[in-house]
Amino acid sequence: MLALLERLVTDAGGTWCFADTDSFAIVSSASGGSVPCPTPDGSGLIRALSFAEVDAIRARIGALNPYDRLVVPDLLKLEKVNFEGNDPTKLRRNLWAYSVAAKKYALFVPDNEAVAIVASEERSVTEAADDGEGIVDRREHGLGFLRNPIDPRRDPDARDWVTEAWAYLLAAESGDRPTVPPWFGRPKMSRNATLSTPRLLRAFGAWNKDKTVDRAVKPFNFLNRVFVDPDELPERLRGLTLAAPYNDNPEGWLEDEYFDLRTPAGPSYRITTDRVDPEVGDDGSGRVRVETYGDLVRLGGCVGNALSRT
């Protein structure tokens, strides 16, 4: 199916922003024509198909539909995000896309149909969206495995921070100097790390010694699992895998004691988000540098293209 779509879009003189197993983001607009986009040939322009041309391609693919049309009316349906207010009964709108990979993109409606900041110091992401601008869809690929770094005590599964991360990348891509969210400096924290085996429990032998039952780490407890920066470790400590007893207060993550999950009853370690100085020792002296949310956001958004998209 994707091969057919690629051929039909190419034959029509168009291109696409990204594709996945069951989706295809065709670069298009109401009237079609050239849209700005970084290109290998340096022209800075690509051709968008018109909505009518996209509908013709959908109809041609739809002729192959083997299902009951009352149950599956379209093989290629237009997602709700393509319409004003995500309402298919309303007019189709032009969206812009910032795409890094098939599962790593954000769709947004900028101010005055130009590539523009969707959030700023004066206006939050939510306020921008309320004004008809802002991010209308975004993926969590590369971010979804992490815990809410803003206030997990309020809602550990809240994902507003993912939208804020995309807003930061969009602002930076458009040439602005966005305010860095304060949580960028916090340690990356795994969302679902648990103490699931006896081997992992033994790593907390030193912690559990002399602890009361309510303070001891127990089987199947959640853990604070951080991600060590391998470039800042001495060779002898490569593979260090650190976790601490569960703590839902991000303010305390840098001050907690962490243990190497590979080492039964080994020493505890302290962590930092700064470059390591002095060098961390085998006995746990010094501090181990861990990766931050900001490291991941900047790395994940270091390449990407803003495109018009249906």
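Miscellaneous remarks
- ARG7 being over 20 Å from ASP137 (Cβ atoms), among the basic types (Lys, Arg) and in a helix (DSSP H, G or I): yes
- In the stretch 31-87, residue surrounded by the most Cβ atoms within 10 Å (Cβ to Cβ) [restricted to those that are polar (S, T, N, Q) and not assigned by TED's automatic domain parsing to the domain that holds MET1]: ASN82
- One residue stands out in the stretch 88-109 among those that are in contact (Cβ under 8 Å) with a residue 40 or more places away in the chain and of a type in the set (S, T, N, Q): the one that is surrounded by the fewest Cβ atoms within 10 Å (Cβ to Cβ), namely ASN94.
- Wholly enclosed helices (runs of 4 or more DSSP H) of the stretch 128-246 bearing at least 2 residues surrounded by 14 or more Cβ atoms within 10 Å (Cβ to Cβ) and of a type in the set (Ser, Thr, Tyr): 160-173
- SER120 being closer than 14 Å to LEU170 by Cβ, among the hydroxyl-bearing types (Ser, Thr, Tyr) and modelled with pLDDT under 80: yes
The values are calculated or read from the model by the stated rules, or taken from the named source; none is laboratory data. Every value quoted in this text rests on a predicted model; they were computed, and no experiment measured them. Every residue, glycine among them, receives a Cβ derived from its backbone with ideal geometry; neighbour counts consider all protein chains shown.
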